[in-house]
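Written out below as structure tokens is the structure these notes cover.
The values are calculated or read from the model by the stated rules, or taken from the named source; none is laboratory data. Keep in mind the model is a prediction, meaning the values are calculated, not measured. Neighbour counts are summed over all protein chains in view; Cβ atoms, including those assigned to glycine, are modelled from backbone coordinates with ideal geometry.
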Amino acid sequence: MNAIAAVTLEVADLPAAERFYSASGLGAHVRLRATDAPATGFRGFSLSLTVSRPADVRHLLDAALDAGATSLKPASKSFWGYGGVVRAPDGTIWKVATSEKKDTGPVTGRVDAFVLLLGTADVAESRKFYVGRGLTVAKSFGRKYVEFAAAPESPVKLALYGRRALAKDVGVPVDGEGSHRLVLGGEDGGSFTDPDGFAWEAASVAVTS
């Protein structure tokens with residue numbers, strides 16, 4: 001396995017989720033399928049969109065809020081740039097950010113990168129697991145953060161962050177239990193579950209809804 005082919009969100013109300021993701025524009029990045037698996041609190045991951053400028057951050061966040069998302073962190077400047085966080089009606093947490101702090105032009109409508117951040121109990125252990133599955137480390141900050149290289153054909157990058165640190169970053173309590181309600185489609189990787197309980201399936205299975 002050397003790439004993520006699809007990110008599938010499992011939702012309790014499929015028609016409502018389809019309406020939200022269509023109206024917000026976020027549906028271009030994920031697949032949806034129904035589930036009745038219980039889940040409460042923080043589900044242990046976030047989806048991040050990296051864009052070119054603050055105007056793009058506001059454009060995407062406003063579209064999500066207008067479609068029914070809840071603001072967790074309003075768009076604002078930070079040490080690293082400019083960004084904000086929302087929670088979709090199905091509970092999925094989305095972060096939109098840019099390294100730029102000032103606009104140099106109008107909204108571009110372009111997403112430069114789509115990153116899946118998995119909150120892990122032990123970043124080093126999860127890194128070892130995924131390296132053993134064929135992924136290549138692109139960036140690493142000790143036991144705090146790991147980002148894997150994405151194959152050219154992959155629509156999403158995979159990164160690992162400590163669960164508590166990730167919850168703090170997106171502005172939610174760390175507590176949560178039950179299903180992650182997330183299934184990753186891997187290229188030639190078969191079906192398996194990682195050390196934190198995140199499920200992977202063959203891409204042809206994960207992309208169906």
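Name every residue in the range 147-189 that is of a type in the set (Lys, Arg) and either more than 12 Å from the chain's Cα centre (by Cα) or at positive phi (or both), in order of residue number.
ARG163, ARG164, LYS168, ARG181
Is it fair to say LEU72 is under 18 Å from the mean Cα position of the chain (by Cα) and surrounded by fewer than 22 Cβ atoms within 10 Å (Cβ to Cβ)?
yes
For the range 65-116, which residues satisfy the criterion of being at pLDDT below 95, among the hydrophobic types (A, V, I, L, M, F, W, C) and farther than 29 Å from GLU153 by Cα?
Within the range 65-116, just PHE79 meets the criteria.
Which of the residues that make up the range 1-59 are touching a strand residue (DSSP E or B) at 6+ places or on another chain (Cβ under 6 Å), outside any loop (DSSP other than H, G, I, E, B) and closer than 19 Å to PRO74 by Cβ?
Answer for the range 1-59, where residues must be touching a strand residue (DSSP E or B) at 6+ places or on another chain (Cβ under 6 Å), outside any loop (DSSP other than H, G, I, E, B) and closer than 19 Å to PRO74 by Cβ: SER46, LEU47, SER48, LEU49, THR50, VAL51, PRO54, VAL57, ARG58.
Specify which of the listed residues (VAL107, VAL96, VAL86) is surrounded by 15 or more Cβ atoms within 10 Å (Cβ to Cβ), among the aliphatic types (A, V, I, L, M) and in a loop (DSSP other than H, G, I, E, B).
VAL107
Of everything in the range 139-149, what is of a type in the set (A, V, I, L, M, F, W, C), surrounded by fewer than 12 Cβ atoms within 10 Å (Cβ to Cβ) and in a loop (DSSP other than H, G, I, E, B)? Give them in sequence order.
none
Could you tell me whether the range 115-138 includes any residue that is farther than 24 Å from VAL183 by Cα, under 18 Å from the mean Cα position of the chain (by Cα) and part of a helix (DSSP H, G or I)?
No, because not a single residue in the range 115-138 is farther than 24 Å from VAL183 by Cα, under 18 Å from the mean Cα position of the chain (by Cα) and part of a helix (DSSP H, G or I).
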